[in-house]
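The values are calculated or read from the model by the stated rules, or taken from the named source; none is laboratory data. No experiment lies behind these values; they were computed from the predicted model shown. So basically every Cβ, Gly included, is an ideal-geometry build from the backbone, and we count neighbours across all protein chains shown. Just so you know, the surface numbers come from the protein's heavy atoms only, side chains and all, with ligands and any DNA or RNA stripped out. Shrake-Rupley method; radii C 1.70, N 1.55, O 1.52, S 1.80 Å.
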Amino acid sequence: MSVDYLRISVTDRCNLRCIYCDPLRDVDFVPRKELLTFEEIHRIAELFAQCGITRIRLTGGEPLVRTNVVRLVRILAGIRSIDDLSLTTNGVLLESMADELKDAGLKRVNVSMDSAQKDNYKQITGFDFFENVTRGIYKALAVGLRAVKINSVIIKGVNVSQIPVLARMSVELPVAVRFIEYCPTSRQTRPASDYVPNKEVRRIIERRFGPLTSTLPSSGNGPALYFKIPDSAGCIGFISGVSGSFCRTCNRLRLTSDGKVRPCLYSAYGYDLKGLIRTGAEDRQVMSLLKKIIAEKKNFTRLNSFTEEFCMRSVGG
Ligand code: SAM
């Protein structure tokens, strides 16, 4: 397996408070001076690229709330060996930014939408932004971002009824609607018993639309398995991180907004790259740490050693 994929969390701040990620409560954000600057992110991305990273995804928190994020997209798109630059967003600000993001070199976008029903959307996210997100998805398609993927987390007792409605979006639009299994990360979020296995999600979709046919992803080759409702414009994806396991094929590293590299989403530790950089390390010293992290990831040692609670918003889901 080659480790070629880096997810960069550009901020831990978010304009939503989803019940499964970061419910409404007092939150501690990383102090601004502890966030990586664009220049630091650029340097780290360049050095990662020299170590074999070819794909970068920006995430958060909500990446579109980071001031001047379009400038960062342009900087990263300029790294020669990065051939795939994508972004995961809640879509609230996408309508107004899709054009400039595309122009700056963004290729693809994943938009989180857990419900296609206004009140239910608000119940999940805490805010009344369903229509903004819908317009954002249409705008992303209109400006030519390909692929556009929709990420939906299904929670028992909250949005199970939305499964067929979300799946139908893949019939009408050239989008991949992906169902991500809810993974409990802290006591603040929903209990583990609220998780709905993707086997059940698929059963609900097939009851409504008939048997799904297997297909290949239109882009990217992450952990999702893709299927189609016959005669649909898009496809359906299942990311089964709880009922299944894709650790042995996982090729992604994560850079947190405060500059730590986590070899695994569930790592109980992160390598402090920002600390190294801010004490004046030369490129060869930083590269040597990056190579060590990549080797560790390849050897699959000490990963999944999750012991603490964490928040997706902080790590960069
Ligand atoms: N703000 C952006 C967004 O909403 O897509 C990016 C950050 S968000 C943390 C990235 C992804 O993580 C979203 O698709 C979200 O649904 C998913 N996510 C967050 N908490 C999760 C959890 N506990 N289990 C499964 N997925 C989760």
message: Under 6 Å between Cβ atoms, which residue pairs at least 6 apart in sequence (or on different chains) link something in region 221-233 that is more than 14 Å from Arg202 (Cα to Cα) with a partner that is in a loop (DSSP other than H, G, I, E, B) and not charged (D, E, K, R)?
response: Pro223/Phe246; Ala233/Leu173; Ala233/Pro174
query: How about region 137-146: which of its residues are part of a loop (DSSP other than H, G, I, E, B) and touching a Pro at 6+ places or on another chain (Cβ under 9 Å)?
result: Arg146
field: Breaking point among (1) within 13 Å of the ligand (Cβ to nearest atom); (2) under 21 Å from Val69 (Cα atoms), for Arg146
entry: (1)
query: Do we have any residue at all in region 16-26 that's open to solvent by 40 Å² or more (accessible area, probe 1.4 Å), more than 16 Å from the ligand (Cβ to nearest atom), at pLDDT below 95 and more than 16 Å from the chain's Cα centre (by Cα)?
result: yes
query: Does Asp83 count as among the charged types (D, E, K, R) and more than 19 Å from the chain's Cα centre (by Cα)?
result: no
- request: Pick out, from region 224-317, the strands (runs of 3 or more DSSP E) lying fully within it that include 1 or more residues that are at pLDDT 85 or above, open to solvent by less than 20 Å² (accessible area, probe 1.4 Å) and within 28 Å of Thr37 (Cα to Cα).
  value: 252-255, 260-262
task: May I ask you to verify whether Arg187 is closer than 18 Å to Ser86 by Cβ and basic (Lys, Arg)?
output: no
query: For region 164-189, how many residues are buried (at least 22 other Cβ atoms within 10 Å of the Cβ) and either in contact with a Pro (Cβ under 9 Å, 6 or more places away or on another chain) or among the basic types (Lys, Arg) (or both)?
result: 2
task: May I ask you to verify whether Arg202 is open to solvent by 50 Å² or more (accessible area, probe 1.4 Å) and under 30 Å from Tyr138 (Cβ atoms)?
output: yes
field: Unique residue being of a type in the set (A, V, I, L, M, F, W, C) and either more than 24 Å from Lys199 (Cα to Cα) or modelled with pLDDT under 95 (or both) when the list is Val143, Val160, Val171, Val111
entry: Val143
- prompt: Which of the residues spanning region 149-163 are open to solvent by 10 Å² or more (accessible area, probe 1.4 Å), within 16 Å of the ligand (Cβ to nearest atom) and part of a helix (DSSP H, G or I)?
  reply: Val160, Gln162
- line: Note on region 193-223: residues of a type in the set (Ser, Thr, Tyr) and either modelled with pLDDT of 90 or more or not in a helix (DSSP H, G or I) (or both) are Tyr195, Thr213, Ser214, Thr215, Ser218, Ser219
statement: By residue number, the members of region 41-60 that are charged (D, E, K, R) and either at pLDDT below 95 or within 25 Å of Leu94 (Cα to Cα) (or both) are Arg55, Arg57
task: Being polar (S, T, N, Q) and free of Cβ contacts under 8 Å to residues at least 40 places away in the same chain narrows it down to one of Ser186, Ser193, Ser152, Ser170, so name that one.
output: Ser193
